[in-house]
Amino acid sequence: MPIVVRIDVELARRKMSVGEFAERVGLTPANVAVLKNGRAKAVRFSTLEAMCRVLECQPGDLLEWVDDGGDDE
């Protein structure tokens, strides 16, 4: 998948556990795992905003587009 989720990097930088992050954002730890493992099909802007607020970062710090070499045309 060309979108890579970098939540684990930001959590490590802040020495924050998944449980603490989930509680502060308002998600279940299972839903955080879905996001971290790249299995999510979508992310609500309100959730992305909450994640950025808790981690004090920008959306681009959490999500990265990586060219997978596929041709979409």
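The values are calculated or read from the model by the stated rules, or taken from the named source; none is laboratory data. These numbers were taken from a predicted model, which means no experiment stands behind them. Neighbour counts run over all protein chains shown; Cβ positions are idealised from the backbone, glycine included.
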*Look at residue 53 and say whether it is part of a helix (DSSP H, G or I) and of a type in the set (Lys, Arg).*
yes
*Within region 26-36, identify whether any single residue is touching a residue at least 24 places away in the same chain (Cβ under 8 Å), of a type in the set (D, E, K, R) and part of a loop (DSSP other than H, G, I, E, B), and answer yes or no.*
no
_What's the number of the only condition in (1) assigned to a helix (DSSP H, G or I); (2) small (Gly, Ala, Ser); (3) in contact (Cβ under 8 Å) with a residue 24 or more places away in the chain that residue 12 fails to meet?_
(3)
*Could you give every pair whose Cβ atoms fall below 8 Å, whose first residue belongs to region 61-73 and is under 18 Å from residue 38 (Cα atoms) and in a loop (DSSP other than H, G, I, E, B), and whose second residue is of a type in the set (A, V, I, L, M) and modelled with pLDDT of 80 or more, counting only separations of at least 6 or pairs across chains?*
66/3; 66/4
*Got at least one residue in region 7-19 being crowded, with 16+ Cβ neighbours inside 10 Å, at pLDDT 95 or above and among the charged types (D, E, K, R)?*
yes
*Only residues that are of a type outside the set (Gly, Ala, Ser) and closer than 15 Å to residue 11 by Cα: list them for region 35-57, please.*
35, 36, 37, 48, 51, 52, 53, 54, 55, 56, 57
_Could you check region 35-73 and list, in sequence order, the residues that are of a type in the set (A, V, I, L, M, F, W, C), surrounded by 10 or more Cβ atoms within 10 Å (Cβ to Cβ), more than 16 Å from residue 2 (Cβ to Cβ) and out of contact with any Leu (no Cβ under 9 Å at 6 or more places or on another chain)?_
54, 57
